[in-house]
Structure formats: structure tokens, C-alpha cells
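Each remark here refers to the structure printed beneath this line.
The values are calculated or read from the model by the stated rules, or taken from the named source; none is laboratory data. No experiment lies behind these values; they were computed from the predicted model shown. Glycine also receives a Cβ, built like all others from the backbone with ideal geometry; neighbour counts cover every protein chain displayed. Areas reflect the complete protein model, heavy atoms only, side chains present, ligands, DNA and RNA absent. Shrake-Rupley method; radii C 1.70, N 1.55, O 1.52, S 1.80 Å.
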Amino acid sequence: MSRLADLRFRAATTFQRRVGNPVLRRLPFQTVLETTGRVSGLPRQTPVGGRRVADSFWLVSEFGEKSQYIRNIKADPRVRVRIRGRWYTGTARLLPDDDPVARLRGLPRVNSAGVRALGTNLLTVRVDLTD
């Protein structure tokens, strides 16, 4: 990772961890991805932008496998997603062969713009919802 990309990653994740995520995950309309912590085993909630399409929920991680929630998914792909205030369970799948830039065109614009602007290693994630 280049020095500039590393600086963007550290600045964005520090802001998200300390300011953005604690505020956003409390908002009832915010979509939230809940994973299980790979070390602690505790639920970890991360606000995300994405879109439900039939029985799947699609999102793009801006930092790919460096994102903590992606590392948690790799350890345990069972997740929950809160969409419009309702929780759904599912299984997350990392799709490194998918074109994340093309995928972002079909996802919510504001979040997609932020992911494109800050992202250094985009990775598509599909959650197959079971209920």
C-alpha cells in the first residue's frame, strides 16, 4: 500500500471508529452489518451502504480485506443486516472477482461516492439473506 493510501486508510478508519460509526449505527434508518468479532466473539456492528436485491444484500467495502468487518466475515460468514429497522440473518460472501466500481453504480449514490473517494482496495460483498 502506498504511503498516501495508508494515510487515507488510517484517517478514514480512525474517524469511522471514533465518530461516524457510533453515531450512524444508532440511527434507525441506517443500514447496519453485524458480524461476530473474530477474537472477542462479540457482536460488532458497522454502518454500511448497500442495497437489497431479492434475497441478497450487496455492498462494497472501501478497504477490502483490511476492513475489520471483512476480517470478521472471513472468520465467520454468518451475519445479520439491519435494513429499514428490521434485522435479517444471512451468510456473507466475499466476491473478489466482481467489478466493485460497476457494482457501486447500482448502490446508493451518497455512500458509493464516499466509497469511491476514500477507498483504496474495493471489495464486493454479497449477503445471502435467509429470512
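Assess whether residue 123 counts as being buried (at least 19 other Cβ atoms within 10 Å of the Cβ) and under 25 Å from residue 2 (Cβ atoms).
Details: buried (at least 19 other Cβ atoms within 10 Å of the Cβ): yes; under 25 Å from residue 2 (Cβ atoms): yes.
So residue 123 passes the test.
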**Complete:** Within the stretch 1-60, residues at pLDDT 90 or above, open to solvent by less than 70 Å² (accessible area, probe 1.4 Å) and more than 18 Å from residue 110 (Cβ to Cβ) come out as 34, 35, 36, 37, 40, 41, 45, 56
**Message:** Give all pairs with beta carbons closer than 7 Å in which a residue from the stretch 87-115 that is farther than 18 Å from residue 32 by Cα meets a residue that is open to solvent by 50 Å² or more (accessible area, probe 1.4 Å); count only pairs at least 6 apart in sequence or on separate chains.
**Reply:** 95/126; 106/51
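Rundown of residues vs (1) open to solvent by 30 Å² or more (accessible area, probe 1.4 Å); (2) assigned to a helix (DSSP H, G or I); (3) within 22 Å of residue 9 (Cα to Cα), yes/no style:
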residue: 71; (1), (2), (3): yes, yes, yes
residue: 89; (1), (2), (3): yes, no, no
residue: 97; (1), (2), (3): yes, no, no
residue: 112; (1), (2), (3): no, yes, yes
residue: 115; (1), (2), (3): no, yes, yes
**Request:** Scan the stretch 61-92 residue by residue and report those that are more than 22 Å from residue 105 (Cβ to Cβ) and in contact with a helix residue (DSSP H, G or I) (Cβ under 9 Å, 6 or more places away or on another chain).
**Result:** 65, 66, 68, 71, 74, 79
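Return yes or no: is residue 79 within 17 Å of residue 31 (Cα to Cα) and hydrophobic (A, V, I, L, M, F, W, C)? Don't jump to the end; show me each part of the working.
On the way: within 17 Å of residue 31 (Cα to Cα): yes; hydrophobic (A, V, I, L, M, F, W, C): yes.
Yes: the conditions hold for residue 79.
Hey, could you check the stretch 64-81 for residues that are basic (Lys, Arg) and modelled with pLDDT of 95 or more and say which is nearest to residue 52 (Cα to Cα)? Walk me through it before giving the result.
We begin by selecting, within the stretch 64-81, every residue basic (Lys, Arg); these are 66, 71, 74, 78, 80.
Those still in the list that are modelled with pLDDT of 95 or more too: 71, 74, 78, 80.
Working: 71: 22, 74: 21, 78: 17, 80: 13 Å.
Per the criteria, the residue is 80.
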**Fill in**
Subset of the stretch 29-67, residues over 19 Å from residue 120 (Cα atoms) and within 8 Å of the chain's Cα centre (by Cα), comes to 33
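Only one residue in 103, 86 is among the charged types (D, E, K, R), modelled with pLDDT of 90 or more and within 14 Å of the chain's Cα centre (by Cα), so which one is that?
Numbers: 86 fails: within 14 Å of the chain's Cα centre (by Cα).
Going through 103, 86 in turn, the sole match is 103.
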**Asked** Does residue 45 fit the bill of being touching a residue at least 12 places away in the same chain (Cβ under 8 Å) and either outside any loop (DSSP other than H, G, I, E, B) or in contact with an Asp or Glu (Cβ under 9 Å, 6 or more places away or on another chain) (or both)?
**Response** yes
